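All of the numbers you see were taken from the coordinates with simple rules; none came from a lab. Model, not experiment: these values are computed from the prediction. Cβ atoms come from the backbone with ideal geometry, glycine included; neighbour counts cover every protein chain shown.
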Amino acid sequence: MSRILTNVPASLEGLCDVLVEVETDCPRILQLTDMQIIDSAQRRTPDRISEEEIAYWSTERAKENCYDHIRDLVAQTHPDLIIVTGDMVYGEFDDSGRIQREFSDLLGSFGIPWAPVFGNHDNESRMGIDWQCALYTNAPNSLFQRGNCTGNGNYSVGLVHGERLLRVLYMLDSHGCGHPANEELKLRAGIYPDQLAWIETAKEAIRTRCGDAPALAAYHIPTPEFAQAELEKYGKERTDLYTLGVGVAARDGDFGAKYEKYRCGGEASLIPFWKRVGVDGVFIGHCHKNNFSVLYEGVRLTFGLKTGAYDYYTNGQLGATLIRTASDGSFEVSHVTTLVPYEPLFPM
């Protein structure tokens, strides 16, 4: 079983914020995203949601709406690391912080290292960012660190087998929170220059001591290369919503669906940057009905499959995303649908 490495070999010391020791040189990474758990009992105004939604998203239904889904997905995939790409809770429905505590306890109970980043809804809770950062920093088996860049939750995770650094993950805050109690959190969505500079510095240190270890990046809100890749590869064939392989021929192992129009955070494509720092895969969430994975200029860009039956989603497309790494540094991506039955609240 994987574990957080405490006795760090001198050859790897200081290269990543945290290291995870894995049993094989082909670790498996499970991406959960956009659980967006709602506790209707904590709604701020009586008419915020309908009577039907109040019943469906009641306090008592969290287990069947989400927690059982996560247990099933972990059991299906046996991951060495779990990453959570934001919107763990719908913050305005968790002003007590109770859901966030439940969620972190659940993730910690698997005995598997897990690495969360914030989405645009997490920080809406009135518990505040300091409390949230402390919760996820101290949660069992959590790798979360606040970091020293713009935002909260910029940190690097290294996967280690023996004394070999197999792969690095850059966990990033993509900002975009619109309704927090703290006005300082109302930053436009995107990845900021000091975050990119931090990655570049970290990559150079790794390259100097360990060579070109491949890397992944994970955050919440899509950046412009997602729209650029999807448009250039498939938009000329069909500009509305579609499923790759159904009416639109998939190329380069691409798969998944675009069922939702979306906006990107940031002004320019990060593809040149990702290639320069050795990032060959980027994993995000945010758009509950998008789950396409596209290879673009050597970088695989993936919307994770939404986890849990909260807020809006496409019926039949709930689950998680599995990243299977190989000993040669490559990786494969697939979506894993939940085996837990659920009844959609709204027609999809």
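Okay, here's what the table says:
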{"quantity": "In the range 335-344, the residues that are free of Cβ contacts under 8 Å to residues at least 40 places away in the same chain and closer than 21 Å to Val84 by Cα", "calculated": "Thr337"}
{"quantity": "Enumeration of residues in the range 295-348 that are in a strand (DSSP E or B), under 20 Å from Glu260 (Cβ atoms) and small (Gly, Ala, Ser)", "calculated": "Gly319, Ala320"}
{"quantity": "Exclusive hit being within 17 Å of the chain's Cα centre (by Cα), crowded, with 23+ Cβ neighbours inside 10 Å and at positive phi, set Gly308, Gly285, Gly281", "calculated": "Gly308"}
{"quantity": "Odd one out for Ile199 among (1) more than 19 Å from the chain's Cα centre (by Cα); (2) touching a residue at least 60 places away in the same chain (Cβ under 8 Å)", "calculated": "(1)"}
{"quantity": "Single condition Gly319 does not satisfy, out of (1) over 29 Å from Glu204 (Cα atoms); (2) out of contact with any helix residue (DSSP H, G or I) (no Cβ under 7 Å at 6 or more places or on another chain)", "calculated": "(2)"}
{"quantity": "Test: residue in the range 36-54 that is closer than 23 Å to Arg126 by Cα, in contact with a helix residue (DSSP H, G or I) (Cβ under 7 Å, 6 or more places away or on another chain), in contact (Cβ under 8 Å) with a residue 24 or more places away in the chain and aliphatic (A, V, I, L, M)", "calculated": "yes"}
{"quantity": "Count of the range 319-337 residues which are under 23 Å from Ile38 (Cα atoms) and crowded, with 24+ Cβ neighbours inside 10 Å", "calculated": "3"}
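For (1) under 16 Å from Arg28 (Cβ atoms); (2) without any contact (Cβ under 8 Å) to a residue 60 or more places away in the chain, each residue gets a yes or a no:
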{"position": "Arg276", "(1), (2)": "no, no"}
{"position": "Gly304", "(1), (2)": "yes, no"}
{"position": "Thr314", "(1), (2)": "no, yes"}
{"position": "Thr321", "(1), (2)": "yes, no"}
{"position": "Thr325", "(1), (2)": "yes, no"}
{"position": "Phe346", "(1), (2)": "no, yes"}
